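The structure appears right after this line, and notes come after that.
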Amino acid sequence: MYGGGNTFEGFKSDSITQEDPAKLAEFEARISRGEKIEPTDWMPQLYRKQLIRMIEQHAHSEIIGALPEGTWITRAPGFKRKMALMAKVQDEVGHAQLLYSAAETLGKPREQMIDDLINGKSKYSNVFNYPTFTWADCCFISWLVDAGAIVNQLANAKGSYGPYCRALDRICAEESFHLKYGHHCVIHLAAGTQKQRDMFQEALNRWWPPMMHFFGPSDKISTHTEVLMRWKVKMGTNDDMRNQFLDMYVPKIWELGFTIPDQNLKKNTETGRWEYTEPDWDEFKRVINGDGPCNKERLAVRRIAEERGKWVREALKVPKSTYVTPLA
Ligand code: FAQ
């Protein structure tokens, strides 16, 4: 897809002090002028490494994110919902393809990224390590997880790395359909029977803490934000993104008559920022490091898919394959 030609083996040091100062200054000047950095342009090793880490994690999140919703395709209520959910899940996997291609431009082969995912070396979004017990869980993901993803991705689409930004532009366009679909599903539950309303309220109670974690650790303890903001990979801090999500979606949740399970949640009218109970960052760390309710199951499914799909990938690699036309 892109002709990067850089190899991942090149990494030796994280330190930007070892970079050529003139090249680094020119690189940073380009970024501050709002220019896009392209795969064949000079870039500091740390910029490359950070981008690979972040884009790869994002790609893994899309592919793993397809699993909790995917199990609901056959159980979604009604034919239209089944069709829409199937299209959504397919889109998410497509997003992973776009993102793996963007990460590959930086020199890390896709096979290595997949190996790192299934061997538990790479991370993916915390939210997808929680179970979808009911249809309302699936609706929560389609509306509010997608909403959070859009807040974050719309901002980062204006960032500095060309291939990632172009992938994000396309992803956001598709995600906006998912958001509409998810909102529609939740409105349907909200306007339904008491049992349907209770089902969504119960899902909201369970999903709210992971949703607060979704935007990453608070700025005080975030490791990578500073350098990523300096090089315009992240266009807002984790707390900025969380705040923007709360600004846009808390009123919509309240409007539907649901209760957010945090008694301290309120907007400070003086600062314009939301106040909330500090999320449990120990739980967050446990989940992103492999010890959430569904981590093992999610990776086991990916491992099986990888093994079963191996023959297809091998067949595609043979240059002189002949295609057999089916008889019927
Ligand atoms: N989950 O220093 P920071 C979606 C890790 S797409 C797991 O603040 P950073 C679509 C972080 O990697 C969802 N790990 O990190 C969809 C680092 O660990 P490391 C994904 C997390 O990179 C919808 C450590 O914590 N979106 O949902 C999380 O500056 C529905 C320290 O954190 C993206 O990937 C987390 N939530 O900021 C699909 C967007 N947060 O690597 C299906 C792009 C942090 O040192 C259905 N990524 N960590 O071992 C980003 O914007 C950023 O990477 C953040 C984290 C904001 C996620």
Lysines near Lys121 by alpha-carbon distance under 24 Å, same-chain residues fewer than 8 away left out - which ones?
Lys12, Lys49, Lys108, Lys234, Lys285, Lys296, Lys310
If contacts are Cα pairs under 8 angstrom and at least 6 residues apart, what is the relative contact order of region 237-311 in percent?
16 percent
Take the chain, connect every pair of alpha-carbon atoms lying under 10 Å apart with a spring to form a Gaussian network, then pick out the residue of Tyr130, Tyr161, Tyr276 with the largest mean-square fluctuation.
Tyr276
Kirkwood-based shape ratio for the chain, expressed as Rg/Rh from alpha carbons
0.99
Rounded if a/c is under 1.5, else prolate if a/b beats b/c, else oblate: with a ≥ b ≥ c from the C-alpha gyration tensor eigenvalues square-rooted, which is region 245-328?
prolate
Cysteines without a disulfide-compatible neighbour (Cβ-Cβ under 4.7 Å), the chain:
Cys138, Cys165, Cys172, Cys294
Using the alpha carbon gyration tensor of region 51-170, what are the three equivalent-ellipsoid semi-axes (square root of 5 times each eigenvalue), largest first, in whole Å?
26, 16, 12
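Any read-out appearing in this document is the output of simple, stated calculations on the displayed coordinates, not a laboratory observation. Since the model is a prediction, treat every value here as computed from it, not as a measurement. Cβ sites come from the backbone with ideal geometry, for glycine too, and all protein chains shown count toward neighbours.
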